[in-house]
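See structure below.
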Amino acid sequence: SVERTLSIIKPDAVAKNVTGEIVGRFEKAGLKVVAMKMLHLSREQAEGFYAEHKERPFFGDLVAFMTSGPVIVQVLEGEGAVLKNRDLMGATNPKEAEAGTIRADFAETIDENAVHGSDSTESAAREVSYFFSDEEICPRTR
Ligand code: CMP
């Protein structure tokens, strides 16, 4: 079924100037960008987005990294978009990511791993609404 998923191009990938290459991979795989913006997250925004991880030992580093520079947040739409995006990204740890995936090609460490993608349709709904109002999402009719 047609789903929506939230994608974040993280500060490391923005700094490497590979945002276009990453969006190109989504497009080549048939995912459509239905919302997109660049943001420099505040600490409050990053902490809220990653609230489910707040007891994890890496939480402080994660928030520091995600606020270290601008990110691009996008809503991607398509058939099975959640899983398709996760396949394109590869494993969370780039060292374990399959060849040809975004993380294998553009990231070196688990802390700075180029992209985030929703892990289920339930988290996608929450994550999309965390960053976008309904008016900011542009349904694609052609
Ligand atoms: P992301 O999909 O954005 O969700 C949380 C992030 O925490 C994850 O990608 C990683 O970049 C980062 N992280 C750092 N250490 C770990 C870990 N041990 N397990 C999972 N995520 C981690």
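The values are calculated or read from the model by the stated rules, or taken from the named source; none is laboratory data. In this text the structure is predicted, and so the values were computed from the model without any measurement. Don't worry about glycine lacking a Cβ; one is built from the backbone with ideal geometry, like all the others, and counts go over all protein chains shown. What goes into the accessible areas is simple: the full protein's heavy atoms, side chains included, and nothing from ligands, DNA or RNA. Shrake-Rupley method; radii C 1.70, N 1.55, O 1.52, S 1.80 Å.
Summarising the label geometry, the points placed 7 Å from Cα in the beta-carbon direction at residue 133 and residue 99 lie 4.8 nm from one another. Restricting the GluC sites (Glu not before Pro) of segment 57-102 to loop positions (DSSP other than H, G, I, E, B) with no more than 15 neighbouring Cβ atoms within 10 Å leaves 98.
Could you compute the FRET efficiency for residue 141 and residue 83, with r as their C-beta to C-beta distance and R0 at 30 Å, rounded to 0.05? Don't jump to the answer; show the numbers that get you there.
Working: r = 24 Å, r/R0 = 0.80.
The computed FRET efficiency comes out at 0.80.
A cut-off under 13 angstrom between Cβ atoms defines the neighbours of residue 113, and their net charge, with Lys, Arg +1 and Asp, Glu -1, is -2. Each part reduced to its alpha carbon centroid, segment 57-125 and segment 1-36 end up 10 Å apart. Charge dipole (Cα centre; +1 on Lys/Arg Cβ, -1 on Asp/Glu Cβ; no other charges) of the chain amounts to roughly 360 debye. Accessible surface for the chain, divided over its residues, is 53 Å² per residue with a 1.4 Å probe.
Please sort 101-111, 24-34 by packing, taking for each peptide the average over its residues of neighbouring beta carbons within 10 angstrom, highest first. Intermediate values should be presented prior to the final figure.
On the way: 101-111: 18.6, 24-34: 16.2.
So the order, starting with the most tightly packed, is 101-111, 24-34.
The residue list 93, 53, 29 was ranked by how far each Cα lies along the charge dipole of the chain toward its positive end, using unit charges on Cβ atoms, and 29 comes out on top.
Using a 1.4 Å probe over the heavy atoms of the protein chains, calculate the carbon and sulfur portion of the accessible area of segment 24-84 as a whole percent. Can you show the working numbers first?
On the way: 1730 of 3130 Å².
Looking at segment 24-84 in its full context, I get 55 percent from C and S.
Taking every alpha-carbon pair under 8 Å whose residues sit at least 6 apart, the chain reaches a relative contact order of 38 percent.
Where the accessible area of segment 85-142 is counted over protein heavy atoms with a 1.4 Å probe, how much of it, in %, is carbon and sulfur? Can you show the working numbers first?
Numbers: 1610 of 3420 Å².
Solvent-exposed carbon and sulfur of segment 85-142 make up 47 percent of the total.
Net charge of the neighbourhood of residue 132, taken over other residues with C-beta under 14 Å away and scored Lys/Arg +1, Asp/Glu -1, is -2. Direction-averaged projected area, Cα convex hull, the chain: 8.2 nm², rounded to one decimal.
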